[in-house]
Amino acid sequence: MGWSADARLAATPEEAWYLNTAFTPGLQLGTVYDDPTTPVMVTGIEELTRIRVPSGRIVVDAPFHDAEIWEYERGEPTQPPRELVQQVRPGTYPVELAWTAGPYEFFGEQFDGVACAATRLVISDDAVAGWEMGLAVGDDMDRLPPGEQFRFFSDANVGCFADASAWTTLAAPFRTFVDGRPVERDTQMLSDGCERLSDDTLGADLVTFTAESGGVVWLGRTATGDVACIAVTSGMPGAKA
């Protein structure tokens, strides 16, 4: 028998449609807000960078949280990151962005409406047969209210993928503050303001991406149940074409 998702974790048909469409260039993902006559089209998939995950353990979380600034400055412990229960083979994997465009007018000025619809960590090139919500260590399905989803939150609208075993080192530059303000960090700037921080001693990386207020983590599984990708969305906007 093939893989079937846990009913409590499985994406709804609408969520699965959004995820599948977002990663298929040329399809319509929805329409421009307040303008049902203008489509939002998936224009392409961009490989942002590649990330080293030597432990096979993955964190998907915000690299820092404003509410913990004082703990950072005093060197006090903060909340552990959202490490996924699902592990992958240790290795190096592409991080990809799904781009959309939906032109619109605002106060007489024209905009191209280019946006990132979703971000994914590609584990294999195998086809995704289904999607399910990715649980983090400590998530308890029995305590999740009906209709709610586990997600990470971000004060700065930024999420990241990182190797869990190297998290303390990789996240430190994002969590170094002086008088409540972040200090300059030595990172590689990528497209759309994303950053990549590397530690060659540990052979591990942290890559940031845009995530408005945080996001839901989705596991794209193959017909045999293997993880093909780990995707993040900040919501499911737009209407079906």
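The values are calculated or read from the model by the stated rules, or taken from the named source; none is laboratory data. Fair warning: this is a prediction, and the values are worked out from it, not measured in the lab. In this analysis, Cβ positions are derived from the backbone assuming ideal geometry, glycine residues included, and neighbour counts consider all displayed protein chains.
Worth pointing out:
- Among (1) touching a Pro at 6+ places or on another chain (Cβ under 7 Å); (2) within 19 Å of ARG196 (Cβ to Cβ); (3) part of a loop (DSSP other than H, G, I, E, B) - the single one ARG50 does not satisfy: (3)
- Residue within the range 57-75 that is surrounded by fewer than 16 Cβ atoms within 10 Å (Cβ to Cβ), part of a helix (DSSP H, G or I) and of a type in the set (Phe, Trp, Tyr) present: yes
- Residue within the range 103-111 that is within 22 Å of PHE23 (Cα to Cα) and either of a type in the set (A, V, I, L, M, F, W, C) or surrounded by 14 or more Cβ atoms within 10 Å (Cβ to Cβ) (or both) present: yes
- If only residues of the range 76-102 that are touching a helix residue (DSSP H, G or I) at 6+ places or on another chain (Cβ under 6 Å) and not in a strand (DSSP E or B) are counted, the one that is surrounded by the fewest Cβ atoms within 10 Å (Cβ to Cβ) is THR78.
- Selection from the range 81-119 of residues that are of a type in the set (Phe, Trp, Tyr) and on the phi > 0 side of the Ramachandran plot: PHE107
- Hits in the range 145-173 (condition: without any contact (Cβ under 8 Å) to a residue 12 or more places away in the chain and more than 16 Å from THR78 (Cα to Cα)): PRO145, PRO146, GLY147, GLU148
- Strands (runs of 3 or more DSSP E) contained entirely in the range 184-234, each with at least 1 residues that are of a type in the set (Phe, Trp, Tyr) and closer than 14 Å to ALA62 by Cβ: 204-210
- Check on SER124, more than 20 Å from PRO80 (Cβ to Cβ) and of a type in the set (S, T, N, Q): yes
- Of all residues in the range 13-23, exactly one satisfies the criterion of being touching a strand residue (DSSP E or B) at 6+ places or on another chain (Cβ under 6 Å) and free of Cβ contacts under 8 Å to residues at least 60 places away in the same chain, namely THR21.
- Restricting attention to the range 120-173, the residues that are in a loop (DSSP other than H, G, I, E, B) and of a type in the set (Gly, Ala, Ser) total 8.
- Among residues of the range 61-88 that are at pLDDT below 75, those with a Cβ under 9 angstrom from a residue that is hydrophobic (A, V, I, L, M, F, W, C) and loosely packed, with under 15 Cβ neighbours inside 10 Å, sequence gap 6+ or separate chain, pair up as GLU73/VAL178; GLU76/TRP70.
- Checked against (1) more than 21 Å from ARG151 (Cα to Cα); (2) more than 14 Å from the chain's Cα centre (by Cα); (3) touching a residue at least 60 places away in the same chain (Cβ under 8 Å), LEU48 passes all but a single condition, namely (2).
- Members of the range 20-68 found to be touching a helix residue (DSSP H, G or I) at 6+ places or on another chain (Cβ under 6 Å) and not hydrophobic (A, V, I, L, M, F, W, C), listed by number: SER55, ARG57, PRO63
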